[in-house]
Amino acid sequence: MKYILILLLSTTSIFGTAQIITNDKSPEEKEVVKVEKEIKPKTGTELYFGVSPAYTFRTLEINDGIFGQQLGYRENEVGEWTTGFNAGVRSQLTKNFKLEIGVGYATNRESYDFKETDSVFSYVNTYRHISFPIRLAYSYGDEISFYGGIGVIPKAFLSMKNELTTLDINNNENTVETIETDKFNFFLMDAVATVGTQIKFSEHYGIYAMVEGRRQLMNNYNSQSAYVRKAFALGFNVGIEIYL
């Protein structure tokens, strides 16, 4: 009996002083850990993608030397609207100055139209190039900023597409398209001036809308051709931009 009482007292003491250890915590005791994403500052670099609708024409002069010919009906040619495409990158040099380098597809065009009751002689000449615009640009502002740039556009001549319309034997108009590459200079250069605005919709993207003038500095034709042709364009340059 003595030993039974001692055992009972010992068991009661152990359970009375025992502690239950648990790792469970109530929702109020749990620690809330917030993980915030690191926001990287913008580099100042812009990607742009745009279109360039423009009225295009040319100056045309007689080539000096033995190959020159009178302008004839070519004096009555008129200019035409064309649309080019471009994409590139603008890198920030200083707070307000940027260097812009891109690549695009550029065209310029002339046409001639002669029609009478029994005679039609009309054509459209489209000069096609791969272009590589390079500009030094100045911008001022934040959400809406002024943009002005000047530069050069090296161009690689692709071809001249001629669309000639005459009357066939049934007195119906017939248009024949030909592609010409002979007697043209492969490498050309334009001077370009651009002025307009950039509008930021957020820190990630925006749009731009600009007026642009281009003047070809070199002759489309080679030295053995009859004329000296230098194209020009006045139009717009609009598109979207992405901020990196």
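The values are calculated or read from the model by the stated rules, or taken from the named source; none is laboratory data. Computed from a predicted model, the values in this text were never measured in an experiment. Glycine gets a Cβ as well: all are built from the backbone with ideal geometry, and neighbour counts include every protein chain shown. Surface accessibility is based on the protein's heavy atoms, side chains included, excluding ligands, DNA and RNA. Shrake-Rupley method; radii C 1.70, N 1.55, O 1.52, S 1.80 Å.
Values for this structure:
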{"quantity": "Residues satisfying the stated conditions in segment 54-72, i.e. modelled with pLDDT of 95 or more and among the aromatic types (F, W, Y)", "calculated": "Y55, F57"}
{"quantity": "Within segment 134-237, strands (runs of 3 or more DSSP E) holding 2 or more residues that are open to solvent by less than 20 Å² (accessible area, probe 1.4 Å) and touching a residue at least 60 places away in the same chain (Cβ under 8 Å)", "calculated": "144-167, 205-216"}
{"quantity": "E61 acidic (D, E), within 30 Å of Y205 (Cβ to Cβ) and surrounded by fewer than 14 Cβ atoms within 10 Å (Cβ to Cβ)", "calculated": "no"}
{"quantity": "Subset of segment 113-131 (residues that are surrounded by fewer than 14 Cβ atoms within 10 Å (Cβ to Cβ), at pLDDT 95 or above and over 33 Å from the mean Cα position of the chain (by Cα))", "calculated": "D113, F114"}
{"quantity": "All positions within segment 64-102 that are surrounded by 14 or more Cβ atoms within 10 Å (Cβ to Cβ), among the aromatic types (F, W, Y) and out of contact with any Phe, Trp or Tyr (no Cβ under 6 Å at 6 or more places or on another chain)", "calculated": "F67"}
{"quantity": "Residue list for segment 77-123, filter: among the hydrophobic types (A, V, I, L, M, F, W, C) and touching a helix residue (DSSP H, G or I) at 6+ places or on another chain (Cβ under 9 Å)", "calculated": "F114, F121"}
{"quantity": "Of the criteria (1) under 30 Å from Y243 (Cβ atoms); (2) exposed (fewer than 13 other Cβ atoms within 10 Å of the Cβ); (3) in contact (Cβ under 8 Å) with a residue 24 or more places away in the chain, which one Y105 fails", "calculated": "(2)"}
